[in-house]
Each structure stands twice: as structure tokens, then as C-alpha cells.
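The block underneath contains the structure these notes are about, expressed in C-alpha cells.
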Amino acid sequence: MVERSRIVRRRSPIKRALLYITVILVCIVFVFPIFWMIATAFKTRAQAFSWPPLFIWEPTTRNFIDIFLKRQTEIEAITGWELELATGAEIFFINSMIVTFGSIVLALLIGTLAAYSFSRYRPKGTDTLMFFILSTRMLPGIVVAIPIYFFYRNIGLYSTHIGLILLYTMFNLPFAVWMMKSFFDEIPRDIEQAAMVDGTKPIKLFYKIALPQVIVGLAATVGFLIINVWNEFLFALLLTERSVRTVPVAIASTRGEVGINWGLIAAIETLYVIPAIVLIFLLQKYLLRGMTFGTVRGV
Amino acid sequence: MPRYYYRSFPILLIIPALAVVFFLVIFPLFWALGLSFYRYNVLRGEAPVFIGLDNYARLLTNEVIWERFVTTITFVVSAVALEFILGFALALLFFQEFKGRRLAITLVTMPLLIAPIAAGIFFKYIYDATFGVFTYFIQLLTGIGVNMLKDYAMLSVVLLDAWQWTPFMMLFILAGLEAVPKHLLESAEVDRLSWIDKFRVVIWPTIRPLVMLALLFRTMDAFRTFDTVFALTEGGPGTQTELISITLYRTAFKYFRTGEACALAFVILVIVILLTNLYLRMARRVGE
């Protein structure tokens, strides 16, 4: 454990009070919009449109019920979403889960294999390939989206779950490779080397010895990849229609007959952000690692 | 087990990754590069007509495109600068030891979890001139009502971006500060270095690479900002906040000028690559 260098000092009571006030103010600024979103989710349409804004009101759960329990035609009337027959709004949540799950399993599988190879065997051109994989992430999304759109239309992957899953796999691959490589780099090689001398097959070295040692890293990577895909909008907007749409696209296409129903939107956004928040409380140590492709340790 | 198995094993492991990159990045990019030399409208269903560099010539002589680039750069510079200053201040704040520090850091980083599109849409509600809570607070503080999305559109976009991404800067800089060796800080205290010298001699050399990395990531991400602006202002009012990514989206998916859109995509790509190289060179010079 490296000795941490945080500033620890005895402070005067006034200084300490000032510190806490600053911290609290900062937290309020960053949390308030999220708090307001959750608050709005529990307001009726009239309450959401009131001036001055209501800080104390009688909360309603109508919005949450409307999303899931209303009949299709009513949801369409409230939100302007075009649903397929016989589906309600939960279809968007199901879609989001399908593409998130599918693409993460794929990216993790492909990425971990590559990361293991890059970390342990360093085949020729490893540095170039690693940098190349990283650089695909630097491309502006819309620049890649245009060719993909026409490509998908031609080969029949447009507006399919599998199409979106493949695309998100590509999207997440750089993170998976870089993060997993950094975790593999950290574990000692002695055991693997000893086993190799004993004639253990390479593939067995991978899943019997190396993989169990990076389970924590694997979990951190999963968490980070989930947030990436869960919140993605542009590709989902361009590559899906109607019944394949994910929640971010559905949110963006909400409209009402008379103005936007903010309570309803806030309710969907609230439901949608809960998994991400739970994840990050579990994985906060690794957040930074994910954002930097594993190059920087957590705080 | 034959020998070639051992030799090809490392290669076998990376083949799936390379296949994904090839089919979903390289191949589409080259295809788009090809299309950028054609006049082609996907809706009309006509065969593409080869026009050589006409698309590029038209784009590069089009003043409107350059105006969009200026708008984009204005946005990128103001957003990243604001995030850098605030992020640095927050990192210094959270570098201190106090009760509840972990919780405070987690709370401040929460905006990173919100889908940018959701943030964009919800800030439309927050900024609303007639019932938005932001407007309400401004009125409470200054006594004047304000229509952010109409009168200060660019500022609204920058503030939203800063709200969401300042925590990102903060995390990087904080990680840098934590990596400063403790004994160096202590000997700086013993030597009674001034605050400025302590920063210059002890802290800056350690945090510099992380600061540079954070700036690079943020600048590139800001350059391709789409979701938030698309949701918040749709580039408006007029074209005040029309970033180049919005222009590209419109060219491709509203007017369906496919060939031209591909050409514009490559112009943007080249500019991003040039900017990155310029930046990396500058970062190296700062280091010397």
C-alpha cells in the first residue's frame, strides 16, 4: 500500500466550518439536478408546470403507473411514442437490457482474450495494435455512424438487436482490452510460468490460473462497460426503429399533445438511472480506471 | 500438442478483437471514404454519380461550414476551460481530509452516470423560462427573469456540459494529487517553500501527465458532443449552438445528402487528428 499524501492538519473551528460549508454547497450544486429529476417524477402534470416551482407537494406515483400499466394507445397519446401492437413502454427497457447484456458479454469475451494475449505473450506489434484499438474510440461517433447506417441497411442488420449488440461491442472493445490488460499486468506470472513448465495447456493457463485472479477487475470492467452502453444515444437513434428502440431514444422522442409531460419523462429517467447509480456505489473505486482505459488507478 | 499450436495461440486470442475492429470500423470508414467522392442521395434511390473531389471543394468553400467549426471551437474551449478550473478547485478541496469525504466525492461524481441525452432533455425543463427551477433561482438571487435557452443558449450548453463533466476532470486531478509522494510534501513544508514553489516544484511534475490526459480526453469528447445539444437546443436558437456534429447529422439524416455527409465526416476526422497531434506536441513541450 502506497502511503497516501492527503493533507491532514489541525484546523481552527472557523476554517473547519468553512470547509464543510464549501463541501456541502458543492455537493448540492452537482446533486440538485438529479434530485430535481427524482422530485419531478412524483409530480402531476399541473404540479410540474407550477410557478414558483413546488418544493413541497403531495407526491403522486401516477407517472410510474402510466409508463407500465396504461394501454398501448394511451401511452402513445401521452408520449407520442410509436409502439408496436401488443407492446407497452416496458419494451424499451427490455431492449436496453438485451443490447446491454449482449454487447457486454461479447465485448468482455473478445476483449479479455485479446488483453490476456497482449499482457502475457506480447505478440509482434502489440503496442501498435493496442494503440490502434484505442484510437478507434477517439473517432467522433457520428463519423462512424454514417457509414455504419448505410452498411447495416444493405446487409439487413438495420433495426435489429444483433446489429446494435455488434456495434456496442465495437464501441466497448477498447475499454475492455485496455482495462483488462492493466489488470492482467498487475498479477504476478510465477504461477503461470510454473504451470507452463509442468506442461499445462496455454488455454488452461488462461482460464484456470490467470482469470480467477482478475475477477475483481473483470467486475469493475463490466460495471464500466454497462454505463457506457446503457447511456448511449446516437447509434441507437440512427440504427433502430419502433420495437427495437432503447430507452434513451424513447426519452428523446417523447412529446405530448399539450406541451411535454415532464413528470412522465422524469419518471422514466429516474427508473433508468437507478441501475447506474447502484453500480457506481459498488464500483466507485474503479470509475477512474474505466474512464482512463485502465491507465490510471482509482482515488 | 503440436508446436504450431503454442506459437499461434497468442494470435488466435486477438483475432476476434481484430475482426470486430475491421468489420465495424475500418471497413465502414473506407466505404464512407468511397461514397464521399459521389453524388448520392439515399432517399432518391438513384445510382451514385462519381464527382471526384466536388463534395470536398463545396464544403471547404462553404462559409457556413466554417461558421459551424467556429461555433464548435467556441463551445469546446469555453466548456473545457471551465471544467478544468472548477475541476482543479474541487480536486484541491477533496484532497483535504475530512469526515464524509468519500461520500462527498461519490455525490459529486453522480452526474457522470446520467445519460447525456437524458441530461439534455431534463435541463430543458430546468432552464425553462416560465417554470424552470434554474430561472426561479436566478430570479430569487437577482430579481430578474431570464430566458436561458433563448438569450444565453451557448452559456446554457456550456453550463450543462460543465455540470456533467467537471467531476471527470476532478477525478483525474485528484488521482494526480494523491500520487504526489508524501515525503516530498513534507520536506517542502520543512524547507518552508512558498505555496507557489511547492506547487511548481513538488506537485505539478507529478500531476502534469494526468492533467494533460484529462484535457485530451475532455477536448476530444467535447469536440464530438452531440446528445446534449441535440436535446437541449437542437442547435438553436437559429444556429447559435449548432455544433459541427449537429450539422453533420442534419446533412446525413435530414437532407440525406449522403455523399456530402461522408465528405464532411472525413473533414472532421482530419481536423480531429490534426488537433490531437498538435495537442500532443504542445503537451510534450510543456513537459520540458
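Derivation of every value follows stated rules applied to the coordinates shown; laboratory data play no part. Note that the coordinates shown come from a computational prediction; the quantities given were computed from them, not determined experimentally. All Cβ positions, glycine included, derive from the backbone under ideal geometry; neighbour counts span all protein chains shown.
Here are a few things to note about the model shown:
- In the calculated pair-distance distribution of the stretch A:90-291, the portion above 32 angstrom amounts to 26 percent of the Cα-Cα pairs.
- Counted by Cβ distance under 15 Å from residue A:165, the other residues give a net charge of 0, where Lys and Arg count +1 and Asp and Glu count -1.
- Förster-model FRET efficiency, 22 Å R0, residue B:197 and residue B:92, C-beta, rounded to 0.05: 0.85
- With K and R counted +1 and D and E -1, the other residues having a Cβ less than 11 Å from that of residue B:76 yield a net charge of -1.
- From its DSSP helices (H runs of at least four residues, each -39,500 (n - 2.57)), chain A gives a residue-normalised ellipticity at 222 nm of -21000 deg cm²/dmol.
- Spatially proximal lysines relative to residue B:124 (Cα-Cα < 29 Å; intrachain offsets below 8 disregarded): A:43, A:70, B:150, B:254
- Gap separating the Cα centres of the stretch B:106-147 and the stretch A:17-32, nearest whole Å: 17 Å
- Averaged over peptide A:173-183, the number of partner chain Cβ atoms lying within 10 Å of each residue's Cβ comes to 1.
- Whole-Hz ³J(HN,Hα) from phi, Karplus 6.51 cos²θ - 1.76 cosθ + 1.60, for the stretch B:247-263, glycine and proline x: 4, 4, 4, 5, 4, 7, 10, 10, 9, 6, 8, 4, x, 5, 4, 4, 4
- Protection-proxy order for peptides A:130-142, B:210-222, each taking the mean of Cβ atoms within 10 Å per residue, highest first: B:210-222, A:130-142
- Backbone amide hydrogens, once placed in the peptide plane, bring residue B:38 within less than 5 Å of B:51, excluding anything fewer than 5 places away on its chain.
- Residue by residue along B:175-188, Cβ atoms of other protein chains within 10 Å of the local Cβ number 3 on average.
- Along the stretch B:7-23 the Karplus relation, 6.51 cos²θ - 1.76 cosθ + 1.60 evaluated at θ = phi - 60°, assigns HN-Hα couplings of 5, 8, 3, x, 5, 4, 5, 9, 4, x, 4, 5, 4, 4, 4, 5, 6 Hz to successive residues, with x for each Gly and Pro.
- Residues of type aspartates and glutamates that residue B:182 reaches as a straight line, Cα spacing below 18 Å, ignoring anything fewer than 8 places off in the same chain: A:3, B:97, B:191, B:197
- Shape call, the protein assembly as shown: gyration tensor on alpha carbons, a/c limit 1.5: rounded
- Note on the stretch A:93-138 and the stretch B:206-277: Cα centroid distance 25 Å, given to the nearest whole angstrom.
- Using the average count of surrounding beta-carbon atoms within 10 Å as a protection proxy, the listed peptides A:32-40, B:15-23 rank, highest first, as A:32-40, B:15-23.
- Applying a length cut-off of 24 Å (Cα extent along the axis) and a mean Kyte-Doolittle floor of -0.5 to the DSSP H helices of chain A leaves A:13-41, A:90-120, A:161-186, A:262-283.
- Couplings for the stretch B:47-57, taken from phi via the Karplus curve 6.51 cos²θ - 1.76 cosθ + 1.60 with θ = phi - 60°, read 5, x, 10, 6, 10, x, 8, 3, 4, 5, 4 Hz in order; Gly and Pro are left as x.
- Here r is the Cβ-Cβ distance between residue A:194 and residue A:14 and R0 is 51 Å; the resulting FRET efficiency, rounded to 0.05, is 0.25.
- Eligible aspartates and glutamates near residue A:201 by straight Cα distance, threshold 14 Å, same-chain separation 8 or greater: A:192
- Within 10 Å of each Cβ in B:78-90, the average number of Cβ atoms from other chains: 1
- Counting Lys and Arg as +1 and Asp and Glu as -1 over every other residue whose Cβ lies under 14 Å from the Cβ of residue A:57, the net charge comes to +2.
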